[in-house]
Structures are given as structure tokens and as C-alpha cells.
Amino acid sequence: MAGVMFHHSFLQDSVQDVTAISNTVILDNGVQLKLWRRGVLEVIPASVSRSTKHIILSSGVHGNETAPIEIVDQLATDILQQKWQPQCRLLLIIAHFEAMHIEKRFVETNLNRLFADIDYPDSKELAIAQQLKCDVADFFKHTAVECRWHFDMHCSIRKSIHYTFAISPQSAFKTRSVSLIDFLEKSGVEAILLSEEASSTFSWLSSSVYGAQALTLELGQVAQFGYNDMGKLDAFITALRELIKGDALSGTGTLQAYQVACSIYRQREAFEFSFANELPNFTKFTHKQQLGWDGSEPITMPVENGAIVFPNPSVEIKQRAALIVAPCTPVFVDGQWQY
């Protein structure tokens, strides 16, 4: 059945930038697929109601983070081959093909910092961000806020004490629902970072502007296509498939929660961390322990029980060079996780 839409697969045809056999397909089970453009595929279940979930699954925002791309491609293939039937409306996204071709995070600038409503310098990534913003607006149009979901899937540059983890972005909406946290706990995702700081990431756009149950998901470490340890993501992939099918979630897990205490931003050309480049995410430091230098200004751990996540001294000036997190114990208040 896959051949009725693609010559090879969603991923292969998108990478090769070949014209699809058909831009719209209705399967025997009533599921409809619409190819919006290269790398953007809408899946419409046979029946849509007011309670139907509308889920964006984005990948390839950074070109060398391949495991999420493989997950999105496999979902598209399974649906086209009618191996199982989705009960949710989906938007499957593979974002940045030029970065994929050169096996880099980006070409000119970090795409996942371009989703705020501000003026950015022109770049190849900005053109992609502007189109993705339009895609999100179109996809969530005429949908109930409580039915909107978005998982922006990534891989970490470095090793991590938590192999899989999520970042819940700041939002004025109730975007940490019982059903979202239940999914994380049963998907085997090991940790969640709760941020109250305005951001400019893709998931933040969906969370803060559209009220979606939105997460940035870190699924293992960067690897080339075909070299991802997908076995370590089995629980997540199973839970994701169950969510899309509308099935009860069957997994179990323990979710460690952290609050984002603050961000470290690179302010000067002379910027460095004083620990090894191989330091894993979530490594703990003592309060006031030195982490590095920003010019002549020392960088120290600002909180008790603090750990560092995403340390990257090579980011552009004014961009985030690390997150500082600390453990927390959230509880549900009025259906929303709070701490």
C-alpha cells in the first residue's frame, strides 16, 4: 500500500525530493493522508469528533538527530500499510533536509531558537521556521485547545544520566495535564524538566501560543542513520503508537521531575566551561562550584542540588549555553502538574 503515495517511503522520497505518486490517499480503512509539501504529512483518521486528539510529531529540526526521523518515517509506513489504525489526527514533520544532508545540527543558525514572535536575521533556518509556524497555525485551526498535542523529538549531543527526558516549556495555558504526564510515565521517559522561562523553541510555540500539551523530547544521543539503538526507545515507541491508536497505555515507569532554575547565556567571545566536553547531562555540582568563565566573569552553580543540562560553550553569543536544573516534587492541582 505504501506505493500508492510514495515511491519508496515518506523519508526516502522526502530526502531525495522526488514528486509523490499521489499527494492525497484514502486507505481501505478510511484513513486519509495528505502530503502538504516535502517532509510534512497529515494523517486524518476515519472518524473525527470533538474529542479527537490533534498531534504534531516533529523531527529533524536538527539535521543530525536521526532517531526521531526514523520514528516518524516508521509511523508513516505503518499507517500506509494499514498495520494499525490511527484514531488521532497527526501532522508528521521532517524539518531540515539541508542539515540532514551534511549531518549537522544546522547550516547557518540553530533552527530551534527561531520560533518567538521577534525579528531574526535572515537565514536558511529562519525560512524553515516561518513555514513551520504557518503549518502549526493551519493544523491547530478549528481545534479545541484541550485536544492539541505536540512532541518535538530530538537527540542529545552528549551522553546523559537520563537516556530519555522531556522539557515542558513555559505557558500561560494548562499544558501539564494528567494525560500528558501519564503518557510520559508509561512511555519510559526517565525525566522531565519544568521550565517557567519564556523560550523560542518549536515546542514552546505550540505550548505558549496554542495551548498544546507540548514537549521537547530528547530520545537518546546523536547517531547516524541506521546506528541508533532503537531498542532503548521501544517503550517510548510502543506508548506513542498506543496513544495514536487510542488504546490504553500499557507501560510503566518512574519519572524524575526537575525544575529549570535558570539558564546560562553566552555573553562574550571568550567563553568556556571548566569540565570535560564528555560530561553527561544531569551531572550535579555543589552550590557555588565553578563551572567555567564568560570572559573574565566566573560561572558558578547558583543553586543547591543543582545539575547542568545541554552545556554547549560553542553556541552563538546571546544564546543559551546551558540549563541549570534542580529536583522537584510536583503535584496535580486542578488537573495541572505544579510544584
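State, to one decimal in nm, how far the label point of residue 232 lies from the label point of residue 84, with both points 7 Å from Cα in the Cβ direction.
Once both label points are built, they end up 2.3 nm from each other.
What percent antiparallel are the DSSP beta bridges of the chain, to the nearest 5?
The answer is about 60 percent antiparallel.
Arranged by the count of other C-beta atoms within 10 angstrom, fewest first, what order do 120, 258 take?
120, 258
Which semi-axes, in whole Å and largest first, does the equivalent ellipsoid of the chain have when worked out from the alpha carbon gyration tensor as the square roots of 5 times its eigenvalues?
On the way: eigenvalues 221, 104, 66 Å².
Three semi-axes, in Å: 33, 23, 18.
How large is ³J(HN,Hα), in whole Hz, for each residue of the range 128-145 in order, when computed from phi with the Karplus curve 6.51 cos²θ - 1.76 cosθ + 1.60 and θ = phi - 60°, using x for Gly and Pro?
In residue order, the calculated couplings are 5, 4, 5, 5, 5, 4, 5, 4, 4, 4, 5, 5, 8, 4, 6, 10, 6, 4 Hz.
Which value, in debye to the nearest 20, describes the size of the charge dipole of the chain about its Cα centre when Lys and Arg Cβ atoms bear +1, Asp and Glu Cβ atoms bear -1, and nothing else is charged?
Working: 28 positive and 37 negative charges, 90 e Å.
The dipole of the chain has a size of about 440 debye.
When the Cα centres of the range 100-114 and the range 166-188 are compared, how far apart do they sit, in Å?
27 Å
If you place +1 on the Cβ of every Lys and Arg and -1 on the Cβ of every Asp and Glu, how big does the dipole about the Cα centre of the range 223-339 come out, in debye to the nearest 20?
Dipole size: approximately 60 debye.
Would you please give the residues with an amide H less than 5 Å from that of residue 123, counting only those at least 5 places away or on a separate chain, with H modeled from the backbone geometry?
Long-range HN contacts for residue 123: none found.
Once R0 is set to 30 Å, what does the formula 1/(1 + (r/R0)^6) return for the Cβ-Cβ distance between residue 225 and residue 262, expressed as a FRET efficiency to the nearest 0.05?
0.25
I need the GluC sites (Glu not before Pro) found in the range 137-201, filtered to DSSP loop residues with at most 15 other beta carbons within 10 Å of theirs.
196, 197
Which pairs, out of 141/174; 159/284; 159/232; 104/159; 53/232; 174/284, put more than 21 Å between their alpha-carbon atoms?
Numbers: 141/174 19 Å; 159/284 14 Å; 159/232 14 Å; 104/159 17 Å; 53/232 27 Å; 174/284 30 Å.
Result: 53/232; 174/284 exceed 21 Å.
In whole Å, what is the distance between the alpha-carbon centres of the range 260-325 and the range 5-22?
42 Å
Hey, what do the phi angles of the range 283-298 turn into as Karplus ³J(HN,Hα) couplings, whole Hz, using 6.51/-1.76/1.60 and θ = phi - 60°, x for Gly and Pro?
Karplus-based 3J(HN,Hα) across the range 283-298 equals 5, 8, 10, 6, 4, 6, 5, 6, 10, x, 9, 10, x, 8, 8, x Hz.
Relative to the first principal axis of the alpha-carbon coordinates of the chain, what is the inclination of helix 66-80, with its axis defined by its Cα atoms, in degrees from 0 to 90 and to the nearest 10?
For 66-80 against the chain, the angle is about 20 degrees.
Only the coordinates and a few stated rules stand behind these numbers; no lab work does. Keep in mind the model is a prediction, meaning the values are calculated, not measured. All Cβ positions, even for glycine, are placed from backbone atoms using ideal geometry, and neighbour counts span all protein chains on display.
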